[in-house]
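All remarks here apply to the structure that follows.
A short reminder: the numbers here are calculations on the coordinates, not readings from a lab. In this text, all values refer to a predicted model and were calculated from it rather than measured experimentally. Cβ atoms come from the backbone with ideal geometry, glycine included; neighbour counts cover every protein chain shown.
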Amino acid sequence: MRKFLQRLLNAWIIKMSNKFGSRPKLKRVHDALSKLFKTIINEPGKRGLIFEISENDKFIILSDQHKGARDYADDFSLAEKNYLKALEFYHLEGFHYINLGDSEELWENLMESVIKHNKQTFEAEKAFVDSNRFTKIFGNHDLYWDNDPLAGFNLNRIYGKKVPIYEGAILRMPFGAHKLDIFLTHGHQGDMQSDGNWFSKWFVSTIWAPLQAYLQINPNTPAYDNQLKTVHNAMMYGWVAKQVNKVLITGHTHQPVFASLTHLERIYVKLKQARKDNNQAEIDLLEAELSKRIKEGDKGPRFRKYKPGYFNSGCCCFNDGDMTGIELENGLIRLIKWSYHKNAVPERIILEEMKLADLVEMNLLNR
């Protein structure tokens, strides 16, 4: 019966999840981002930190693990080995780890259950805590960390100390006479389905989680393969496009975005350039990649000119076990993927890469 229902309902559930999983309002999103950024600037430490950084600093930004109870509603379980290997790599390489929210799935699970079933992943995160290279930002599914009186007690149980919890952070990097502010937050602010909505939390915990557990369906399809930007991502891009000297990095949508374009959109851009350059080898490669990612007959999107100021870390719970994130290292910003290679061995793959200085030169500073 379960397999029959899986075949019958899988496509519909994923469609409904994508359609109703968020309900962002443009003005609410923009007002919330502006308010948070202003608060961090005017009152550092209250809702977020300001890091004065240079090209020598290294940061890894990961979001949306949704750690659960290792049941069939636990979207993180398939990606756990990738996550552990990634944290081992970044800790050894001296990266500062910014956890961008929804790390724990606390709409579907009790805190005690999450702690019990995630000891190994919490130990891997604790290594960054112990070396003072860990920043934890809350999202809508782990809002608990920001507003529950027992949050400090449980943080101490998990990490051995009461780790500070923030709503955002700013990485400030000098470029000549200017400073580039890289603004980080989970990205749920302004989403009517997520921004403290009690009904959404009740529905997920009471209705959706048991249904997902029974049907064993993970709606987190690899978004970097088969989607254009979601409405919420487009709204967040709209905010940063109006700003000066800013880059915005969020999570929340589970859809990786690099320099304001999804991975699929960037393939179309590269294909256009390859045709212009008459680079047949590149054309063949990109067309083969597109043929695997889109439905036959689909047309490429029409692109207006995008300022390359918006990035999204994606998630660490895709239904094939993949996870994505954003790296900052040696003056570069990268979209990376950790994926199971031969014999299910985790492998780090660079999907996109560019110089932060190029972001400045591409009219990011509006000067």
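Side notes on the structure shown:
- Backbone geometry of the range 163-171 corresponds, through the Karplus equation with coefficients 6.51, -1.76 and 1.60 at θ = phi - 60°, to 3J(HN,Hα) couplings of 5, x, 10, 10, 8, x, 7, 10, 9 Hz, x marking Gly and Pro.
- Cα gyration tensor shape for the range 86-197, rounded if a/c is under 1.5, else prolate or oblate: oblate
- Packing order of peptides 344-356, 233-245, highest average first: 233-245, 344-356 (average count of other Cβ atoms within 10 Å over each peptide's residues).
- By the beta-carbon count within 10 Å of each Cβ, the least crowded to most crowded order of R172, R266, fewest first, is R172, R266.
- Taking 0.36 nm per residue of separation and subtracting the Cα-Cα distance, full extension of the segment from V345 to D71 would add 96.4 nm.
- In the structure shown, the pairs K35/K136; K46/K307; K67/K136; K27/K242; K161/K337 are assessed against 23 Å; a Cα-Cα span above that value is assigned to K46/K307; K161/K337.
- 14 Å beta-carbon shell around A281, net charge (K/R +1, D/E -1): -3
- The packing ranking of peptides 321-332, 248-259, highest mean first, is 248-259, 321-332, where packing means the average number of other beta carbon atoms within 10 angstrom of each residue.
- A Förster radius of 22 Å combined with the Cβ-Cβ distance from A177 to A241 puts the calculated FRET efficiency at roughly 0.45.
- Environment charge of R172, counting only residues whose C-beta is closer than 14 Å and scoring Lys/Arg +1, Asp/Glu -1: -2
- Shape of the range 61-151, Cα gyration tensor, a/c cut at 1.5: oblate
- Local electrostatic count at F95 - Lys and Arg +1, Asp and Glu -1, tallied over other residues with Cβ under 10 Å: -2
- Residues A357 and K276, FRET efficiency given R0 of 22 Å [Cβ-Cβ distance, rounded to 0.05]: 0.35
- Here's the list of aspartates and glutamates a cross-link from K126 could span, going by alpha-carbon distance under 13 Å and ignoring same-chain residues fewer than 8 apart: E88.
- For the peptides 85-91, 148-154, 183-189, the ranking by mean Cβ contacts within 10 Å, running from highest to lowest, is 183-189, 85-91, 148-154.
- Computed E for E123/R28 - FRET, C-beta separation, R0 41 angstrom, nearest 0.05: 0.60
- ³J(HN,Hα) computed for each position of the range 145-150 - Karplus, 6.51 cos²θ - 1.76 cosθ + 1.60, integer Hz, glycine/proline x: 5, 8, 10, 9, x, 8
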